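Visitor: Quick one: the structure is below, questions incoming.
The values are calculated or read from the model by the stated rules, or taken from the named source; none is laboratory data. Just so we're clear, the structure is a prediction, and the values are computed from it rather than from any experiment. Note: ideal-geometry Cβ built from the backbone for every residue, glycine included; neighbour counts use all protein chains shown.
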Amino acid sequence: MLGGKLLSAASLAKMISPTKTRSDYAMGVYLGMKNGHKLISHIGGVGPGMPGLTGSLFYFPEDKLTVVVLANRMLVRSVTLRVDRSLTTRPS
């Protein structure tokens with residue numbers, strides 16, 4: 001997607017540009033910062049209370065780092081929270 005084979009540069013730019021009403025949301029993705037690093041993320045699944053696929057995506061474009069968590073159960077929320085905490089916590 002980021003290499004221009006799936007989306008054109010113009011389409012990708014539009015997809016990750018903030019909406020007119022929210023500076024932290026674009027077309028299906030959230031925009032933010034994590035420890036001073038630009039973050040584009042998406043968390044989703046098949047629906048509330050339904051068993052099935054759930055997933056989270058964290059993309060740090062300036063670091064060229066992507067973290068994806070997929071699960072067949074609601075465990076992804078627990079794992080996502082742990083990943084989120086580890087991305088927030090600086091090593092000592």
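Visitor: Filtering the range 25-38 down to residues that are of a type in the set (A, V, I, L, M) and part of a strand (DSSP E or B), which residue is farthest from Glu62 (Cα to Cα)? Spell out how you get there, then give the answer.
Guide: Of the residues in the range 25-38, the ones of a type in the set (A, V, I, L, M) are 26-27, 29, 31, 33.
Right, trim to part of a strand (DSSP E or B) and you get 31, 33.
Working: Leu31: 13, Met33: 11 Å.
Among those residues, the one meeting the criterion is Leu31.
Here is a yes/no grid of residues against (1) modelled with pLDDT of 65 or more; (2) part of a strand (DSSP E or B):
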site: Ser23; (1), (2): yes, no
site: Ile40; (1), (2): yes, yes
site: Pro48; (1), (2): no, no
site: Tyr59; (1), (2): yes, yes
site: Val67; (1), (2): yes, yes
site: Arg82; (1), (2): yes, no
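Visitor: A further question follows. If Asn35 satisfies all but one of (1) of a type in the set (S, T, N, Q); (2) modelled with pLDDT of 80 or more; (3) surrounded by 11 or more Cβ atoms within 10 Å (Cβ to Cβ), what's the number of the condition it fails?
Guide: (3)
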